Amino acid sequence: MSKIYNNLSAMYAKHKKYFNKRNGQGVALALAMMLLFSGAYVNAPNNEVSTTVVDIEPASTAGVISAVSAMEITAGDSSLVYASADVTTVAATTDQVEPDLDDEYDEWADKVMADVDEYLYIRKEASADSEAIAKLRAGDVATLVDVFDGWYEVESGNAHGFVSADYCVTGIEAYELAMDVCNTYATTDVAGLRIRSEASEDAKILKVVAKGDKLAVNNDAEVVDGWVAVTAAGTSGYVKAEMVQVDMETGEAITLAEEAEAKAAAEEAARQAKEAAAAAAAANQAVIDSASDVALLAAIIQIEAGNECYEGQVAVGSVVMNRVRSGSYPNSVGSVIFARGQFATSRMSSVLSRGPKASCVQAANEAIAGSDPTGGTTHFRRAGSKDGLIIGNHVFY
């Protein structure tokens, strides 16, 4: 019997890491088995012992073993003996069954993540004084190569070096951290995937998504077997698990050389964008500077009143000209139009490049010639916002 006990002890020692990873469930199972075999040893007449559990009843939702009420023991040629083995083990504290982490444990057994807000330096040697060669950022995953005193040797991306174990988690803890800090997406291979309000095929359809769409997985939602909680464009609900592929987006470490190159590339891109914007602004200004008063006035009439009746177009042109002639405003068409915050000039160069439409050109010519259906007003806005003379959809005052 001691041989059996020793075998069980060896098995537990070998798989201790696996047993311990599920909130003590494996430990409880191993201890229960040892207790059972201990009971059999007391009643067995010799060392040839075989056992058969005759009554095992699992807990309804929260336990690993509810009650092992008896064990049938055959010892050599002797008759059957029953040993009492009433063992109750409650492993969980909630009514919800924890997800099976077997696959994740195997996949993440050699993974390392930095449990930090921003990043952890990867160093050339296992020493805090060693040269920093890379950054293991929050959300990055590394592969564990070897373990030293207080240090992990890791590989991630193009980085290979050492990180302080004090700031890292490994194995299933790394997986749980990744679940917290990394984005998880569900991608569908079918067209017309339905997002439902609840985890039921009878629930209301909230949204239908296209094939290939990536849906953010809502890890904080209630876990329901056969369903995945997702969010898409502000809509949260459930989709059938069999209809999607769920993947976690993790990162890789970045070397300091790669970071410097990326920074330089970003700065160069920003410089080029600034130069392009300046060139475009210069080109636009050149178009504006070369435009005549008629063209400028026609363009602003089109921008402000292009869809108004012809009288309304002339009225907008006359407001500009009334300001030019008043003495209280700049004395040129261009200066009045481009006065800060007065007219919508952002599309001016594009309208001038294409050429204002004929009715607006005609309205501009009439306004410059002195036509004024507004009676000398210098302001206008959308009708209904102020008292004044209404022409089309504008009020003039």
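Side notes on the structure shown:
- Here the extension length gained between Ala281 and Ala257 equals 5.0 nm, from 0.36 nm per residue of separation less the Cα-Cα distance.
- Point-to-point label distance, Glu249-Ala264, nm (Cα→Cβ direction, 7 Å offset): 2.8 nm
- Spin-label pair Thr231/Glu118, simplified geometry with 7 Å Cα→Cβ offset, distance in nm: 2.6 nm
- Sites Leu389 and Ser292, calculated FRET efficiency, Cβ-Cβ separation with R0 35 Å, nearest 0.05: 0.75
- Cα-only Debye scattering, the stretch 315-397: base-10 log of I(q)/I(0) at q = 0.16, 0.17, 0.22, 0.25 Å⁻¹: -0.65, -0.74, -1.21, -1.39
- Sorted ascending by nearby beta carbons within 10 Å, beginning with the fewest, Met321, Met243, Met113 become Met243, Met321, Met113.
- Shape of the stretch 183-249, Cα gyration tensor, a/c cut at 1.5: rounded
- Using R0 = 41 Å, the C-beta based FRET efficiency linking Glu131 and Glu176 works out to 0.80.
- Pairwise centroid distance, computed over Cα atoms, of the stretch 243-278 with the stretch 161-212, Å: 24 Å
- Modelled FRET efficiency - R0 51 Å, Asn331 with Lys214, Cβ distances, 0.05 increments: 0.30
- When each of the peptides 263-275, 348-360 is scored by how many other beta carbons lie within 10 Å of its residues on average, the order from highest to lowest is 348-360, 263-275.
- Cα gyration tensor category, rounded, prolate or oblate, for the stretch 252-341 with a/c compared to 1.5: prolate
- Rg/Rh (Cα only; Kirkwood hydrodynamic radius) as it applies to the stretch 128-211: 1.24
All of the numbers you see were taken from the coordinates with simple rules; none came from a lab. What you see is a predicted model, and the numbers here were worked out from it, not measured in a lab. Positions of Cβ are generated from backbone atoms using ideal geometry, with glycine treated the same way; all protein chains shown enter the neighbour counts.
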